[in-house]
Amino acid sequence: MAEPLIEARGVEKFYGQPGGNRVQVIAPLNLSVYPGEILALLGPSGSGKSTLLRILTGLARASAGEVLWHGQPVSGPVKNVSIVFQSFALFPWLTVLENVEAPLKAVGLDPAQRAKRATQMLDTVGLDGFESAYPKELSGGMKQRVGFARALVVEPEILFMDEPFSALDVLTAENLRNELLDLWEDQKMPTRTIFIVTHNIDEAVLLADRVVVLGKNPARIRTDFHVDLPRPRDHKSPRFTELVDYIYTVLTQPDAHPEVPAATPAKPRYPMLPHARPGGIAGLLEILADHNGREDVHKLADLLSFDVDDLLPIVEAAAMLGFAKVVEGDAEMTPEGRAFLDADILRKKELFRQAALERVPLLKQILTSLEAKGDRTLPDEFFEDLLDEHFSEDETKLQLETAVNWGRYAELFDHDARGERFFIPEETAAGSPV
Amino acid sequence: MRIQGLARSIAGERTWPWLLDATVFLVVMAVACAVLMVGHVWLGPVTSHAEISRSPSALPLYALYSVVRMAVAYVLSMVFAITYGYIAAYNRRVQAIMLAVLDILQSIPVLSFLPGVMLAMVALFPTRQLGVEIGSVILIFTGQVWNMAFSFYASLKAIPRELREASTVYRFGWLQRFLQLELPYATIGLVWNSMVSVAGGWFFLMACEMFVLGKRDFRLPGLGSYLQSAASAGDTRAILWGLSAMIAVIILLDQLVWRPAIAWAEKFKFEQVESTAAPESWVLNLLRKSPLLSRLQEKTMTPLDEYLCARSARAEAREGDARAGSVGKVVAVVIVAAACATAAGLGVVAAFHQLQGISGAAVLSTVQSAGATFLRVLVALAIASIWTIPAGVAIGFSPRLARIAQPLAQIAASVPATALFPVVLLALIRIGGGLNAGSILLMLLGTQWYILFNVIAGATAIPSEFHEVAEIFRFSRLDRWRTVILPGIFPYLITGLVTASGGAWNASIVAEYFHFQGKVLSTFGLGAEISSATDSGNFAVLLLSTIVMATLVVSVNRLLWRPLYRLAETRYKLES
């Protein structure tokens, strides 16, 4: 893994009390923040999340332990970080533009440059036209946009956020969260690392690549795990709910130590069919045979003057059917692949059929559904409905198209494009191997 | 016809800023002339025993002299308040000492500073009028500066944590932090306290412009000395002329300076939502329209600010690399601390030397006089509370009444009680009352407004839900006062009483001792003690009575007002 940007080593916070007692706010803890991740720090209110954020930024001092910034010990406010505050912390006597310009003025940038960069950043957060307004004229959501613009205009290495959405109403917060994610995904944000403090479990699972949960009295790390959900994330997906439930359990039961739930249904029910034709798969196997059954994928692409992106689906398709496997960037033919290559055309179809029914759930599903029908035919819509909860609308069409290609080659079923129906032809139906 | 009218209105629009610029230009020229005139007098030779004319035609020039004195004193106060408040807020080591010093200085009446300041200044400039003038300015300064320093200090301490953190995270240099965070945050407090301070300046103007110090008789031409001379001579016509001139100047300043300042300060209000009823000022609206002024700002202030901020940013960047210069800083701090300690030590020794010459009887009499003044202060506060609490609550509860009563009360409050005093005394003498009651009346005139305005503010701040609860549960009038009104206004009442009590103590020096109709009217009290000691140049008694007064005021603050304050803040604070 990459070098951490910020590293807390044995950082703790306590307050001395008369009589020698001390109140421990943060127990000694280690925490590293890596470049490129969104880290959410969750914890019950009063658990010392914000204090930890301030120690990491150098705004506050740890009572013991040290904070390293690029491996160097920190002894004052860290350069090149930004904070988005819960209360926005805008200067009410400065206009929106002046607020965003203020950090640039602090580094001595000249007025023209300042105005240009600040205006651009205001455009990015969707506030063009509000440059000369005062913060008190703006709604809460717009104020926080100014807060984001001010934080991003300095192009910080880490963007710290201290409960940035909790002073906003539910809808505004949701909206702003999504826009933040869009900026992040589209790489329009001049920062590649975000550290967000929140007490909202949903928010953490929605935004973060990594979630760290703090316990209370004193603060200590209860769990630290990666969120393995692809983006955009769906609040209602089972995995999302599972992770939220897990964090909820950790937060509400201070003495329990539940395991991070394994990503059980890691494979969706219908693994995506690579968009390759059976002929292409056979061709790939032939070339592999010419190279002693194994070759680097990139070199293959070069040999064939193919774009790698065009070759990859073919390799994936071969791998899916078990005719090849991908080892360390090389495509390697399997014994099944060799058998398929060596067979004559009828045998080839049979081997393909066997592999498809065994390893491609979608083909099997289509066949089973068709066989269950008396007239052995079903409309496209039926299968589209089946797939559209897994794939986008366009992808669903492509998936079915590929399935038709493969199904025809294996002589499992056929498709009537004009009638938009799948069906099992009479002669194969009789000799169906199932 | 219509087109013509339209064209005329457009022409008006166009020429308007031009006229405005011309006016601004004329005002600037007038101020420059005034400065030259004043400078001529100040730098001229000493006019010993100047006769103060009682002719109304002298009034415009006298008013000018007084306003310039107050303006210079005010600028000095502002600079001092900001420096002192800044150091006190950021130096944890000296913070406690600096606040205690401020507390004590605040409790020392203007006249107690008089001999020291005057003798020092006259010694510095023996041949020029400047010495006496500076002395007078410093006296006015001592009456204005302390609450401003407190206000700036308190504002710095009250800056919200996240704003301060934002300025740190975004690496503001000290200048940028000062200009974009600290000064703006403190502006509203400074503006309001400036108004209070300048009002205090008017209150003591008579004492600061004309006084006897031992054998020397100081008279500086001005509004205060005009009123004082008129009172001494018992010239009723001159008293009324002087009084009207003073009121005119005060109203003029209110319109031309304070209203615009308040309206301008509105932008520094730390609020999340724009308030609906923002104060407005026609002068400020006009000034904002002046192209000359905005050009001037664009050409001078903006580049200056840019230049300074860029310099401070560069300096900060350098300092960030190597935190040098700390040794020099330590040395400087040690030198300043040593100088302060030496001065304080010398002062204590000198004071001790002075006090040795005082007899036990004199000490006893001073303590007794302090008791007398203490009683007067209490009576004044009680009388003020008795009428202002019901009146303030009534005004605060009724917006209709407030619209009529508040401006009237503000005008009444802005007239310095000392200026009214000759009139009051004339009336008292006609009725046959003595200065014993008269001094209470003067204290009352000077301090009741603090209580009234605070009670109005408190009554306005009581949430309407409380009234509704009282209505629903059919509270009796007594219950309503006991459970809603008194607890609701309590924190405000305490603030008003603290200010009023301080004001009353300070007022005692002019209230208990008065030159009137060629005689000295005085009554038994600590204020009279201080005033007569100044008059006769009896420094030992002056020092003793000043120490007694400062001790009394500070103790009352610590033992009575501070616990009440804390109670108000914890138990009776209305939090949303």
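Values quoted throughout were computed directly from the atomic coordinates according to the rules given, and no laboratory measurement underlies them. Being a predicted model, the structure only gives us computed values, none of them experimental. Neighbour counts are summed over all protein chains in view; Cβ atoms, including those assigned to glycine, are modelled from backbone coordinates with ideal geometry.
Between beta-carbons, use under 11 Å as the cut-off and find the net charge around B:I494, counting Lys and Arg +1, Asp and Glu -1. Don't skip to the answer; put the middle values down first.
Values: positive: B:R562, B:R566; negative: B:E569.
In short, +1.
Once you reduce region A:355-406 and region A:83-113 to the center of their Cα atoms, the two points are 56 Å from each other.
Counting beta carbons within 10 Å around each of A:E242, A:E286 and listing the fewest first gives the order A:E286, A:E242. Here is how the number arises for chain A: DSSP H runs of 4 or more residues each give -39500 (n - 2.57), the sum is divided by the residue count, and the result at 222 nm is -13000 deg cm²/dmol. Among the trypsin sites (Lys or Arg not before Pro) in region A:279-341, none sits in a DSSP loop with a Cβ that has at most 11 other Cβ atoms within 10 Å.
Quick one: dipole size for chain B, taken about the Cα centre, charges +1 on Lys/Arg Cβ and -1 on Asp/Glu Cβ, in debye to the nearest 20.
Numbers: 43 positive and 31 negative charges, 58 e Å.
So the magnitude is around 280 debye.
Listed values for region B:144-155 are Karplus-derived 3J(HN,Hα) couplings in whole Hz (6.51 cos²θ - 1.76 cosθ + 1.60, θ = phi - 60°), namely 10, 7, 5, 5, 5, 4, 4, 4, 5, 4, 5, 5, and x replaces Gly and Pro. Using only side-chain charges placed at the Cβ, +1 for Lys and Arg and -1 for Asp and Glu, the dipole size of region A:6-252 relative to its Cα centre rounds to 820 debye.
Amide H to amide H distances under 5 Å link A:T223 with A:V213, where only residues 5 or more positions off or on other chains count and H is placed in the peptide plane. Estimated from helical segments only, the mean residue ellipticity of chain B at 222 nm is -26000 deg cm²/dmol, where each DSSP H run of four or more residues counts as -39500 (n - 2.57). Sort chain B into rounded, prolate or oblate with this rule: let a ≥ b ≥ c be the square roots of the eigenvalues of the Cα gyration tensor; rounded if a/c is under 1.5, and if a/c is not under 1.5, prolate when a/b is larger than b/c, oblate otherwise. Rounded shape, in that the Cα axes give a/c under 1.5.
Past 23 Å, Cα to Cα: identify those pairs from A:K49/A:K105; A:K364/A:K397; A:K236/A:K364; B:K157/B:K269; A:K143/A:K188, in the order given.
Working: A:K49/A:K105 30 Å; A:K364/A:K397 18 Å; A:K236/A:K364 28 Å; B:K157/B:K269 16 Å; A:K143/A:K188 20 Å.
Beyond 23 Å between Cα atoms: A:K49/A:K105; A:K236/A:K364.
List the chymotrypsin sites (Phe, Trp or Tyr not before Pro) within region B:399-488 that DSSP assigns to loop and that have no more than 13 neighbouring Cβ atoms inside 10 Å.
Numbers: sites: B:W449, B:Y450, B:F453, B:F466, B:F473, B:F475, B:W481; in loops: B:F473, B:F475.
Those that pass, being in a loop and sparsely packed, are B:F473.
Amide hydrogen proximity for A:I158: with H placed 1.01 Å from N in the peptide plane, the residues at 5 or more positions away or on another chain lying under 5 Å are A:S82. Extents of region B:357-576, taken as max minus min of Cα coordinates on every principal axis and listed largest first, are 67, 38, 25 Å. Which whole DSSP H helices in chain A pass both tests: a Cα extent of 15 Å or more along the axis and a mean Kyte-Doolittle value no lower than 1.0? Within chain A the helices that satisfy the rule are A:278-290, A:308-320. Working from Cα pairs under 8 Å separated by at least six residues, relative contact order for region B:56-280 is 25 percent. Considering only alpha-carbon pairs that sit under 8 angstrom and 6 or more positions apart, the relative contact order computed for region A:118-172 is 39 percent.
Counting every C-alpha pair in the protein assembly as shown, the share spaced more than 56 angstrom apart comes to 37%.
The H on the amide N of B:Q517, modeled in the peptide plane, is under 5 Å from the matching H of B:S232, B:A233, B:G234, each at least 5 residues off or on a different chain.
Just how large is the dipole of region B:317-422 about the Cα centre, in debye to the nearest 20, putting +1 at every Lys and Arg Cβ and -1 at every Asp and Glu Cβ? Intermediate values should be presented prior to the final figure.
Numbers: 6 positive and 2 negative charges, 56 e Å.
Dipole magnitude for region B:317-422 comes out near 280 debye.
With a sphere of radius 15 Å drawn around the Cβ of B:F218, what net charge do the other residues whose Cβ falls strictly inside it have (Lys, Arg +1; Asp, Glu -1)? So the environment of B:F218 carries a net charge of 0.
For region B:100-109, 3J(HN,Hα) computed residue by residue from phi via the Karplus equation (6.51, -1.76, 1.60; θ = phi - 60°) reads 4, 4, 4, 4, 6, 4, 4, 8, 8, x Hz, glycine and proline entered as x. The mean sequence distance of close C-alpha pairs (under 8 Å, at least 6 residues apart), as a share of the length of chain B, puts its relative contact order at 18 percent.
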